[in-house]
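> Can you read through this structure? Questions will come right after.
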Amino acid sequence: MNVIRLKHAPSVVGYASVVGKKEHEGPLGADFDLHDDAGTFGMDTWEKSESEMQRLALNTALAKAKLSPDAVKAIFAGDLLNQCTGSAYGLLSFSKPFFGLYGACSTFAEGTMLASLMIGAGYFDVCAAVSSSHFCSAERQFRFPLEYGGQRAPTAQWTATAAGAFVLSAEGAGPYITEVLPGTIVDKGIRDANNMGAAMAPAAVDTMKKYFEDTGHSPDDFDMILTGDLGLEGHSIAVEFMKASGCDIQNVYNDCGLLLYGAGTQDVHCGGSGCGCSASVVCGHIMRRFQKGELHNVLYIATGALMSPDSLKQGGTIPGIAHLVRISSERI
């Protein structure tokens, strides 16, 4: 089987989200723990601001879990910056074993998966998963500095200024990470860097199909199937492809890139993206709904476009990946 069911599912004992002005003004604004209207978080560069977001997110998650940093045995973290410097500098002060990850927008699910597997195997009892993105640092690295004032294509997505953190423990009252499914790289030949949704949707479909085939579950067994971040374009592609394969997900399916911003009130074109997009939505909106008893069983499938600035300049295709994490209110 591809799907890994954790025999002793780790508990999400702490969670926190940190966002910028645009994200706080969106429909989920009240669900985030911290925000900064300036987007700088007291720092003098966008990259340092992103690092500070990660530090704040993890500290807040630990405070909510009533744990000291000493309790954390390892940190799994990543971002969009070269060599994951947002994570390395942001989490430096914790002085913990550090696993730097790059899965593009799928990084938070990847970190949660690896941390859960380590805890489930008995190697660590408490781990953290952290991820972030910043609109300004991402624009500088992948497209053009803001001063350039380039026009955005209709299919483009808005990189979220956001961070999310989970503190996972072998013991706790839940919610729990009950199943995981590592994704495989899928490349359908998409070359348009302004259409991430089209590049990532096939990977999301591949992972969902494998999950339902392996487990025998149907979409109706879940309160929500949540991708992150396909946006408007990728969301419609995923619905169409899944329906063509005989699996209709439309009634329970949503996307973090669509949830984060107000469609009609905020100009983000096809929705949100970035490592911090799904991280903040899951660590803010989704976990609060679990806390209120509104959600009990969620499939979180984070997607990533595995390109680099150089691969784009060289005319390369954009491979996609999608990692699946099942979040349940009870151990299964």
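The values are calculated or read from the model by the stated rules, or taken from the named source; none is laboratory data. On a predicted model such as this, the values are computed, not experimentally measured, just so you know. FYI the Cβ positions are ideal-geometry reconstructions off the backbone, even for glycines, and counts take in every protein chain you see.
> Could you list, ordered by first residue, the pairs with Cβ atoms under 8 Å in which the first is in the stretch 24-37 and in the same structural domain as ALA57 (by TED's automatic domain parsing) and within 19 Å of THR265 (Cα to Cα) and the second is of a type in the set (Asp, Glu) and surrounded by fewer than 19 Cβ atoms within 10 Å (Cβ to Cβ), at least 6 apart or interchain?
As it stands, the answer is HIS24/ASP37, since those pairs meet every condition given.
> Same structure again: Looking at the structure I just gave you, is ASP248 under 28 Å from THR215 (Cβ atoms), modelled with pLDDT of 95 or more, more than 13 Å from the chain's Cα centre (by Cα) and of a type in the set (Asp, Glu)?
For ASP248, the condition - under 28 Å from THR215 (Cβ atoms), modelled with pLDDT of 95 or more, more than 13 Å from the chain's Cα centre (by Cα) and of a type in the set (Asp, Glu) - is met.
> State whether the residues of the stretch 287-295 include one that is closer than 21 Å to GLY174 by Cβ, assigned to a loop (DSSP other than H, G, I, E, B), in contact with a helix residue (DSSP H, G or I) (Cβ under 9 Å, 6 or more places away or on another chain) and not acidic (Asp, Glu).
Within the stretch 287-295 (the criterion being closer than 21 Å to GLY174 by Cβ, assigned to a loop (DSSP other than H, G, I, E, B), in contact with a helix residue (DSSP H, G or I) (Cβ under 9 Å, 6 or more places away or on another chain) and not acidic (Asp, Glu)), the answer is yes, since at least one residue qualifies.
> May I pose another question? Report whether or not GLY78 is in contact with an Asp or Glu (Cβ under 8 Å, 6 or more places away or on another chain) and of a type outside the set (Phe, Trp, Tyr).
Answer is yes for this residue.
> Take LEU92 and tell me if it is surrounded by fewer than 23 Cβ atoms within 10 Å (Cβ to Cβ) and of a type in the set (A, V, I, L, M).
Yes.
> From ALA16, ALA65, grab the single residue that is among the hydrophobic types (A, V, I, L, M, F, W, C), crowded, with 17+ Cβ neighbours inside 10 Å and touching an Asp or Glu at 6+ places or on another chain (Cβ under 7 Å).
ALA16 is the lone residue from the list that is among the hydrophobic types (A, V, I, L, M, F, W, C), crowded, with 17+ Cβ neighbours inside 10 Å and touching an Asp or Glu at 6+ places or on another chain (Cβ under 7 Å).
> Something else now. Looking at ALA77, ALA30, ALA16, ALA57, which is the one that is among the hydrophobic types (A, V, I, L, M, F, W, C) and more than 20 Å from PHE290 (Cα to Cα)?
None of the others qualify; the one that does is ALA77.
> Quick check on my filter: what residues within the stretch 1-29 are among the hydrophobic types (A, V, I, L, M, F, W, C) and within 15 Å of ALA163 (Cα to Cα)?
If the condition is that a residue be among the hydrophobic types (A, V, I, L, M, F, W, C) and within 15 Å of ALA163 (Cα to Cα), then ALA16, VAL18, VAL19, LEU28 are the ones that fit.
> Grab the strands (runs of 3 or more DSSP E) fully contained in the stretch 1-103, keeping just those with 2 or more residues being of a type in the set (Gly, Ala, Ser).
The qualifying strands (runs of 3 or more DSSP E) are 11-20, 74-78.
> Any residue at all in the stretch 264-283 that's touching a residue at least 60 places away in the same chain (Cβ under 8 Å), among the small types (Gly, Ala, Ser) and touching a Pro at 6+ places or on another chain (Cβ under 8 Å)?
The answer is no; no qualifying residue exists.
> State which residue is farthest from GLY272 (Cα to Cα) when the search covers only the stretch 118-146 and only residues that are at pLDDT 95 or above, in contact with a helix residue (DSSP H, G or I) (Cβ under 8 Å, 6 or more places away or on another chain) and of a type in the set (A, V, I, L, M).
Of everything passing the filter in the stretch 118-146, VAL126 is farthest from GLY272 (Cα to Cα).
> So, one more: Just to be sure, is LEU80 farther than 17 Å from PHE166 by Cβ and either in contact with a Cys (Cβ under 6 Å, 6 or more places away or on another chain) or small (Gly, Ala, Ser) (or both)?
yes
> Since SER116 meets every condition but one in (1) of a type outside the set (A, V, I, L, M); (2) part of a helix (DSSP H, G or I); (3) under 17 Å from the mean Cα position of the chain (by Cα); (4) closer than 15 Å to SER131 by Cα, which condition does it not meet?
(4)
> Does ALA74 satisfy being surrounded by fewer than 20 Cβ atoms within 10 Å (Cβ to Cβ), in contact with a Pro (Cβ under 7 Å, 6 or more places away or on another chain) and within 23 Å of ILE327 (Cβ to Cβ)?
It is true that ALA74 is surrounded by fewer than 20 Cβ atoms within 10 Å (Cβ to Cβ), in contact with a Pro (Cβ under 7 Å, 6 or more places away or on another chain) and within 23 Å of ILE327 (Cβ to Cβ).
> Restricting to the stretch 249-295, give me the number of residues that are polar (S, T, N, Q) and within 16 Å of VAL325 (Cα to Cα). First the steps, then the outcome.
Going residue by residue through the stretch 249-295, those that are polar (S, T, N, Q) are 250-251, 254, 265-266, 273, 278, 280, 291.
Now restrict to residues that are within 16 Å of VAL325 (Cα to Cα): 254, 278, 280.
Matching residues across the stretch 249-295 total 3.
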